[in-house]
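The values are calculated or read from the model by the stated rules, or taken from the named source; none is laboratory data. Every value quoted in this text rests on a predicted model; they were computed, and no experiment measured them. Methodologically, a virtual Cβ is constructed for each residue, glycine included, from the backbone with ideal geometry; neighbour enumeration extends over all protein chains shown. These accessible areas exclude ligands, DNA and RNA; they are computed on the full protein's heavy atoms, side chains included. Shrake-Rupley method; radii C 1.70, N 1.55, O 1.52, S 1.80 Å.
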Amino acid sequence: MPLTPAFITRQRRVLALALPIILSNISEPLLGAVDTAVVGQLPTPIHIGAVAIGATLFSFLFWGFGFLRMGTTGITAQAFGAGDARDLAAALARPFLLAIVLALPLMLLQGPIGWAAFELFEASDATETLAEQYFTIRIWSAPAALANYVLLGWLLGVGRTGMVLFLQILLNGANILLDLLFVLGFDWGVAGVAWATVIAQYLALAGGLLVIARVALVPAGTWQAGNLRALALFDPLKLRRLLRINVDIFLRTVALLIAFTWFTVKSTELGDLTLAANAVLYNIFGLLAYGLDGFAWAAEARGGRASGARDRLRYREAIFDTTLWAALLAGLASLAIVLVGPVLIDVMTVDPAVRAASRTYLLWAAAIPLLGVWSFMLDGIYIGATRTAEMRNGMLISLAVYLAAVWALLPVWGNDGLWGALMLFFVVRAVTLGYWLPRIERAIIAR
């Protein structure tokens, strides 16, 4: 494509939207890396394994409610593209109330939830005891964690990515500082990691509410008493659409988290050493490659606005521009993992056996950005267009293929087979979503 002034201007806009999100997203796996590195200074690998199990459980529990972020982004972006101020405010208020309601059962039913979750793992007794301690503390962050998804989704939908970055830095920066204080300073061990996360989530919620109330909504005049009454928060049609989108994304996200949780479950069966090594590698991948989601989130916002405005040309530009940059970043991320991975392994753990095992499987982590970037971007496109049924179906197909691959490959090739099944999972996700992609454009034209 020729480098015309219009093309260059579009790329600048994409970068202005995506770079704050990339920095924001990198802070999330950086937190996981710091969690691992902090407990990695303790004398045995069981602390790393316990935090890995606990973090995996909360990825399943909380990101099972990731529809609160994704669904909010798609609906908000479409309202923003259509220029509907009332729907824009309601796009925040409805899911925020839903988040608080959904958090209550998680805390009230923490006993049976924890029992059922730990039945999946076959780690050593010492590792599971520490992981259970982590669970019983961190579960109290549920209201803040779910509400924060809504705030981030709304800010992304209106393109306020600088605020998204601010809130993520607040959340993860506070978490990292508290990690260091509680674990290395107070010697609280795994419990310190959990308390750091709980406190940081509520700090981020307070900051997010303050930012939105003072900067985003009040100047626009959409958060005043009269407008609040006019939002029709319980409009049956709007609620039905919100619930349909959220249920589809919930099922899609649960399937995704089953895949990643199953990876950790099967890692525990291979022993504490392999569990710790896989946790280190997954954090290294996240540290460098989760930034790819920055362009996927940009695709959500740009594609959603184009869908709301019924603009086919802008929709096509949103897909092309964001995917172009994501593919470039994926190649750089894989290269960085190969070159810098050994150094990061040594930083994250002092255990010689864990270091050696992590180096053995490093190339698998390096392959994830190259194979995963396509499904990441397609997810963003589908979320922005709120084409959630196709997302759900594609993920269910991918999960079935992945579980079959784990069953077939793990007994033969051990941990290499487990990683190979995960690679296949990324490929099948991209193939299924790519097959249905033309439906989105046809829907925009048909409106």
Among the numbered criteria (1) surrounded by fewer than 21 Cβ atoms within 10 Å (Cβ to Cβ); (2) on the phi > 0 side of the Ramachandran plot, which one does THR386 miss?
(1)
Kindly establish whether LEU251 is modelled with pLDDT under 85, in contact with a Leu (Cβ under 9 Å, 6 or more places away or on another chain) and surrounded by fewer than 22 Cβ atoms within 10 Å (Cβ to Cβ).
no
Go through (1) outside any helix (DSSP H, G or I); (2) under 30 Å from ALA82 (Cβ atoms) and name the single condition ARG439 misses.
(1)
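Quick one: in the stretch 344-358, of everything that is open to solvent by 60 Å² or more (accessible area, probe 1.4 Å) and more than 13 Å from LEU275 (Cα to Cα), which residue is nearest to the chain's Cα centre (by Cα)? First the steps, then the outcome.
In the first step, residues of the stretch 344-358 are kept if they are open to solvent by 60 Å² or more (accessible area, probe 1.4 Å); the result is 347, 350, 352, 355.
In the following step, the residues that additionally are more than 13 Å from LEU275 (Cα to Cα) were identified as 347, 350, 352.
Working: VAL347: 24, VAL350: 28, PRO352: 31 Å.
If we take residues in the stretch 344-358 being open to solvent by 60 Å² or more (accessible area, probe 1.4 Å) and more than 13 Å from LEU275 (Cα to Cα), then VAL347 is nearest to the chain's Cα centre (by Cα).
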Meets criteria (of a type in the set (A, V, I, L, M), modelled with pLDDT of 90 or more, surrounded by fewer than 16 Cβ atoms within 10 Å (Cβ to Cβ) and under 27 Å from ILE22 (Cβ atoms)) for LEU203:
no
With ALA196, ALA191 as the choices, which residue is surrounded by 24 or more Cβ atoms within 10 Å (Cβ to Cβ) and in a helix (DSSP H, G or I)?
ALA196
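Is it the case that the stretch 259-279 has a residue that's under 27 Å from ARG69 (Cα atoms), within 20 Å of the chain's Cα centre (by Cα), modelled with pLDDT of 90 or more and of a type outside the set (Phe, Trp, Tyr)?
Quick first cut of the stretch 259-279, residues under 27 Å from ARG69 (Cα atoms) only: 259-265, 279.
If we keep only those that are within 20 Å of the chain's Cα centre (by Cα) as well, we get 259-265, 279.
Within this subset, residues satisfying the condition of being modelled with pLDDT of 90 or more are 259, 262-263.
Still in the list and also of a type outside the set (Phe, Trp, Tyr): 259.
Scanning the stretch 259-279, I find at least one residue that is under 27 Å from ARG69 (Cα atoms), within 20 Å of the chain's Cα centre (by Cα), modelled with pLDDT of 90 or more and of a type outside the set (Phe, Trp, Tyr), so the answer is yes.
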In the stretch 118-159, residue nearest to THR197 (Cα to Cα) [restricted to those that are surrounded by fewer than 21 Cβ atoms within 10 Å (Cβ to Cβ) and of a type in the set (D, E, K, R)]:
GLU132
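For LEU178, state whether it is more than 30 Å from LEU242 (Cα to Cα) and either within 18 Å of the chain's Cα centre (by Cα) or open to solvent by 20 Å² or more (accessible area, probe 1.4 Å) (or both).
Numbers: more than 30 Å from LEU242 (Cα to Cα): yes; either within 18 Å of the chain's Cα centre (by Cα) or open to solvent by 20 Å² or more (accessible area, probe 1.4 Å) (or both): yes.
When the stated conditions are applied, LEU178 passes them.
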Sort out which residues of the stretch 342-392 are in a helix (DSSP H, G or I), farther than 20 Å from ALA259 by Cβ and touching a residue at least 40 places away in the same chain (Cβ under 8 Å), and write them in order of number.
LEU344, ILE345, VAL347, MET348, ALA353, VAL354, ALA357, SER358, THR360, LEU362, ILE381, GLY384
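Modelled with pLDDT under 75, out of contact with any Asp or Glu (no Cβ under 9 Å at 6 or more places or on another chain), crowded, with 24+ Cβ neighbours inside 10 Å and not aliphatic (A, V, I, L, M): is that true of THR72 in this structure? I'd like the intermediate steps shown before the answer.
Numbers: modelled with pLDDT under 75: no; out of contact with any Asp or Glu (no Cβ under 9 Å at 6 or more places or on another chain): yes; crowded, with 24+ Cβ neighbours inside 10 Å: yes; not aliphatic (A, V, I, L, M): yes.
So THR72 fails the test.
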Quick one: VAL101 ticks every box in (1) touching a residue at least 24 places away in the same chain (Cβ under 8 Å); (2) under 27 Å from LEU239 (Cβ atoms) bar one, so which box is it?
(1)
